[in-house]
1. Quick one: is Ala31 surrounded by 15 or more Cβ atoms within 10 Å (Cβ to Cβ), under 13 Å from Tyr129 (Cα atoms) and within 13 Å of the chain's Cα centre (by Cα)?
2. Would you please name the residue that is farthest from Met89 (Cα to Cα), looking only at residues in region 103-139 that are of a type in the set (Val, Ile, Thr) and surrounded by 17 or more Cβ atoms within 10 Å (Cβ to Cβ)?
3. Mind counting the residues in region 104-146 that are over 16 Å from Lys34 (Cβ atoms) and touching a residue at least 24 places away in the same chain (Cβ under 8 Å)?
4. It is to be established whether one or more residues within region 34-47 are at positive phi and basic (Lys, Arg).
5. Among the numbered criteria (1) among the basic types (Lys, Arg); (2) within 16 Å of Pro120 (Cβ to Cβ); (3) modelled with pLDDT of 95 or more, which one does Arg43 miss?
6. Yes or no: Pro95 part of a loop (DSSP other than H, G, I, E, B) and over 21 Å from Ala126 (Cα atoms)?
7. Here is a list: Ser45, Ser66, Ser85, Ser10. Which entry is among the hydroxyl-bearing types (Ser, Thr, Tyr), exposed (fewer than 11 other Cβ atoms within 10 Å of the Cβ), out of contact with any Gly (no Cβ under 7 Å at 6 or more places or on another chain) and within 21 Å of Ala101 (Cβ to Cβ)?
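The values are calculated or read from the model by the stated rules, or taken from the named source; none is laboratory data. Everything numeric here is computed off the predicted structure, so don't read it as measured data. Glycine also receives a Cβ, built like all others from the backbone with ideal geometry; neighbour counts cover every protein chain displayed.
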Amino acid sequence: MYRAIYYLHSYWAYMVILVVFLATINALIGAFTKKPYGAKDFRISLFALICTHLQLLIGLILFFVSPKIVWFSENVDMGLIMKNSTMRMYNVEHPLLMIIAIVLITIGYSKHKKKLSSAPKFKTLAIFYTLAFAAILAMIPWSIWI
């Protein structure tokens with residue numbers, strides 16, 4: 001079960017990166033070119049939201065079944081986790097920053113729906129999705145992922 005969830009999480013991450021990248025670029029282009037906000041723009045930002053939330057669910061399942069996560073082991077001290085960079089990355093940094101990125105996407109999506117004109121919609125999406133995309137790229141374990 002662990003391997004299947006691990007591979008699903010890893011391969012779905014490619015989709016997440018692609019879709020969040022496209023949503024970020026779309027929002028930035030819309031913000032800088034002052035184009036009207038349309039149904040296509042809404043769908044792109046919504047699809048990014050859906051993909052990241054699915055990745056979060058897969059990641060949460062993986063968090064509880066992965067042998068790399070040692071929070072729940074009785075013989076592992078918190079100090080040991082924080083001193084070891086690999087353990088800290090899997091147990092603390094990666095989950096925390098990815099959750100922050102998904103929260104940013106969720107906030108940006110929710111706030112943009114309340115805006116009435118195109119420019120503020122694109123600006124809100126551009127700010128929140130760019131921050132989220134940077135957070136996602138910063139916490140991907142590139143050394144083992146590619």
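1. no
2. Pass one, region 103-139, residues of a type in the set (Val, Ile, Thr): 103, 105-107, 124, 127, 130, 136.
With the extra rule that they be surrounded by 17 or more Cβ atoms within 10 Å (Cβ to Cβ), the set shrinks to 105, 124, 127, 130, 136.
Values: Ile105: 22, Thr124: 30, Ile127: 26, Thr130: 22, Ile136: 13 Å.
Restricting to residues being of a type in the set (Val, Ile, Thr) and surrounded by 17 or more Cβ atoms within 10 Å (Cβ to Cβ), the top hit is Thr124.
3. Total meeting the criteria: 19.
4. Initially, region 34-47 is screened for residues at positive phi, giving 34.
If we keep only those that are basic (Lys, Arg) too, we end up with 34.
Taking every residue of region 34-47 in turn, at least one turns out to be at positive phi and basic (Lys, Arg).
5. Result: Arg43 passes all but (2).
6. Details: part of a loop (DSSP other than H, G, I, E, B): no; over 21 Å from Ala126 (Cα atoms): yes.
Considered against the rule, which asks whether it is part of a loop (DSSP other than H, G, I, E, B) and over 21 Å from Ala126 (Cα atoms), Pro95 comes out as no.
7. Ser85 is the lone residue from the list that is among the hydroxyl-bearing types (Ser, Thr, Tyr), exposed (fewer than 11 other Cβ atoms within 10 Å of the Cβ), out of contact with any Gly (no Cβ under 7 Å at 6 or more places or on another chain) and within 21 Å of Ala101 (Cβ to Cβ).
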